[in-house]
Amino acid sequence: MIGYRATGKSHVGRLVAEARRVPFIDTDRMVEAAIGTSISRYFADRGESAFRDREEEALRAFLHSEEARSGAVVATGGGIILNPRNVGAIRSAGVAVWLTASVETIRDRLKADPASDGSRPALTMRSVVEEVASVLAAREPLYRDAADVEISTDGRAPEDVAAAVVEWLDRVGSRVSAGR
């Protein structure tokens, strides 16, 4: 699962993993376990570059794990696609489902999540709406390039989105050809 923050990667990913009876992994939780603190705190203390290094390490650790070999569903951090090595690793491991949402939906979800401020670091010094709009615009081509499929989560229950993902996976198989 790839996509911007608050698009439903973790929630939908868990549901897809349950439906397919495979493990679920969240790279953000892997990073937090490795660093012993929240991503926001680490980001503030060590900076984005140090965090991105840890994010890459978590992805690599997952890809070499038993869970990866068992067809696990993995929810990645929103910025994982910033590193071309990560995109290559994701592509070689399986399929990338890009969950999308509008700026307004993302803003509303961030505001509704009381844990958001503590778990999601500010990426710019702008307001939430301005940050989401600018960062999302910059990342959209990267998500598009990395994705095998794009699924909107706007106005949809996580269960409906998960069903759409499972339906797509069943239709194309668990892996997409290297030719994309």
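Name the residues whose placed amide hydrogens come within less than 5 Å of the amide hydrogen of Ile2, ignoring near sequence neighbours (fewer than 5 apart) on the same chain.
Amide H to amide H, under 5 Å and 5 or more residues apart or across chains, Ile2 pairs with Val97, Trp98, Leu99.
Can you tell me how much longer the chain between Trp168 and Ala138 gets when fully stretched, taken as 0.36 nm per residue apart minus their C-alpha distance, in nm with one decimal?
Full-extension gain reported as 8.1 nm.
Using only alpha carbon pairs under 8 Å that are at least six residues apart, calculate the relative contact order of the chain and give it in whole percent. Write out the running numbers ahead of the final one.
Numbers: 229 pairs, mean separation 60.4, N = 180.
Once divided by the residue count of the chain, the mean separation gives 34 percent.
List every residue whose amide H lies under 5 Å from the amide H of Asp26, counting only residues 5 or more places away in sequence or on a different chain, with H placed 1.01 Å from N in the peptide plane.
Ala75
What residue among Thr7, Ala44, Val95 has its Cα farthest toward the positive end of the dipole of the chain, where the charges are +1 on Lys, Arg and -1 on Asp, Glu, each on the Cβ?
Working it through, the farthest residue towards the positive pole turns out to be Val95.
Give me Rg/Rg_expected for the chain, where Rg uses Cα atoms only and Rg_expected = 2.2 N^0.38 Å with N residues.
0.97
Below 8 Å between Cα atoms, with a sequence gap of 6+, how large is the relative contact order for region 14-106 in percent?
Rounded, it is 34 percent for region 14-106.
Before rounding to the nearest 500, sum -39500 (n - 2.57) across all DSSP H runs of length at least 4 in the chain and divide by the residue total; then give [θ] at 222 nm in deg cm²/dmol.
Estimated from H runs of four or more residues: -18000 deg cm²/dmol.
Would you please give the residues with an amide H less than 5 Å from that of Ser152, counting only those at least 5 places away or on a separate chain, with H modeled from the backbone geometry?
Amide H to amide H, under 5 Å and 5 or more residues apart or across chains, Ser152 pairs with Thr100.
Quick one: Ile90, Ile2, fewest Cβ neighbours within 10 Å first, how do they rank?
Values: Ile90 21, Ile2 27.
Ascending Cβ contact count within 10 Å gives the list Ile90, Ile2.
Give me the extension gain from Glu57 to Arg21: residue separation times 0.36 nm, minus the current Cα-Cα distance, reported in nm with one decimal. Numbers along the way, then the final one.
Details: separation 36, 0.36 × 36 = 12.96 nm, distance 2.58 nm.
Once the chain is fully extended between Glu57 and Arg21, it gains 10.4 nm.
Throughout, read-outs are computed from the coordinates displayed, never taken from laboratory work. Quantities reported herein were computed from a predicted structural model and do not represent experimental measurements. We place every Cβ from the backbone using ideal geometry, glycine too, and count neighbours over all the protein chains shown.
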